[in-house]
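Here's the structure, in structure tokens; my notes come after.
The values are calculated or read from the model by the stated rules, or taken from the named source; none is laboratory data. Source: prediction; values computed, not measured. Reconstructed Cβ throughout: ideal geometry from the backbone, glycine too, with neighbour counts over all protein chains shown.
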Amino acid sequence: MVISLPRKARTKSASGIYHVMFRGVNRQEIFHDDEDNSKFLEILQKYHEKLEFKVYAWCLMSNHVHLLLSEGEEELGATMKRIGVSYAMYYNWKYQVCGHLFQNRFLSENVESDEYFLTVVRYIHQNPVKAGMVGKVNEWRWSSCAGYYNQPYFPDDLLERNKVLRMFADDFNTSMEKFRDFNEQTNEDMCLEDSSYKRRRLTDEEARLKIKQILESTDIPQVKSLPRLERDRILRDIKSIDGISQRQVARILGIPPSLVFKIK
């Protein structure tokens, strides 16, 4: 349910800026609908106001979150624990589950130079594009990209964009135009070097074929009528399929999403 504090002290960033990632345990989905995404951002905003840390970029994917931020009134680990625990409590209450939501402790890396700072901003914004979720960076609703493109975004007072834009030009419109060109450049950026970023989401048809391989002689419509122990065993196997989402599993098998979420 919670994110543990680091077992040993992290190396402090000289700039005070960090790239942080939360990831679901066993790569499970941590956001299932718009309400979940909104809730995480509301929690982030709450502690942003309380602890006065700055957020330069974010992106919420189905099973992980990227943040680029600077420390506020307390050290990074304590702040991330507050955010993680708060969201896990909400998630477990909403879906009536218990246990760990996030995988071990959060990942982080120091961001020491302006060059790498901008690389991380671009990397975060391009996550949904590289994952095949959208065709353009500003089409993903749950990132900070829209704020940099002067489009509506949520929460509208969370983003600290001046530091980024001033790196391109003093004039606001010019800086936004230059940032947009940079933000959409084709690249091979790798930040935090996590292989899960490259995972591609299966289409429903691909997922259905993978499920049939696991079921063997059992037909898909029969799964929801199987004895509980047998059904849960099959669900665990299906959830381990690389690139499949829990929403897909529920949709294809015709069972409630909450039933899939509970299976660990």
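Count of region 63-91 residues, restricted to those that are surrounded by fewer than 15 Cβ atoms within 10 Å (Cβ to Cβ) and either over 23 Å from Leu159 (Cβ atoms) or among the aromatic types (Phe, Trp, Tyr) (or both), is 1.
The residues of region 28-40 that are surrounded by fewer than 21 Cβ atoms within 10 Å (Cβ to Cβ) and under 30 Å from Glu115 (Cα atoms) amount to a single one, Asn37. Of the residues making up region 39-63, those that are touching a Ser or Thr at 6+ places or on another chain (Cβ under 7 Å) and farther than 20 Å from Asn138 by Cβ are Ile43, Tyr47, Leu51, Phe53, Lys54. Residues in region 73-96 that are part of a loop (DSSP other than H, G, I, E, B) and either free of Cβ contacts under 8 Å to residues at least 24 places away in the same chain or touching a Pro at 6+ places or on another chain (Cβ under 7 Å) (or both): Glu73, Glu74, Glu75.
Table: residues versus (1) out of contact with any Ser or Thr (no Cβ under 8 Å at 6 or more places or on another chain); (2) acidic (Asp, Glu); (3) assigned to a loop (DSSP other than H, G, I, E, B).
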position	(1), (2), (3)
Cys98	yes, no, yes
Val121	yes, no, no
Val134	yes, no, yes
Asp157	yes, yes, yes
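A quick yes/no check of all residues on (1) assigned by TED's automatic domain parsing to the domain that holds Phe106; (2) assigned to a strand (DSSP E or B); (3) at pLDDT below 95:
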{"position": "Ile30", "(1), (2), (3)": "yes, no, yes"}
{"position": "Glu35", "(1), (2), (3)": "yes, no, no"}
{"position": "Glu42", "(1), (2), (3)": "yes, no, no"}
{"position": "Glu49", "(1), (2), (3)": "yes, no, no"}
{"position": "His66", "(1), (2), (3)": "yes, yes, no"}
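Listed conditions (1) farther than 28 Å from Lys130 by Cα; (2) of a type in the set (Phe, Trp, Tyr); (3) within 13 Å of the chain's Cα centre (by Cα) are all met by Tyr47, apart from (3).
Within region 142-152, take every residue that is at pLDDT 95 or above and more than 13 Å from Tyr56 (Cα to Cα) and give me the one that is farthest from the chain's Cα centre (by Cα). For region 142-152, the residue satisfying everything is Tyr149.
Checking Glu115 against (1) without any contact (Cβ under 8 Å) to a residue 24 or more places away in the chain; (2) under 18 Å from Leu159 (Cα atoms): exactly one of these is not met. Which one? So the condition that Glu115 fails would be (2).
Scanning region 155-189 for residues that are within 22 Å of Arg141 (Cβ to Cβ) and in contact with a strand residue (DSSP E or B) (Cβ under 9 Å, 6 or more places away or on another chain) yields Leu158, Leu159, Glu160, Arg161, Val164.
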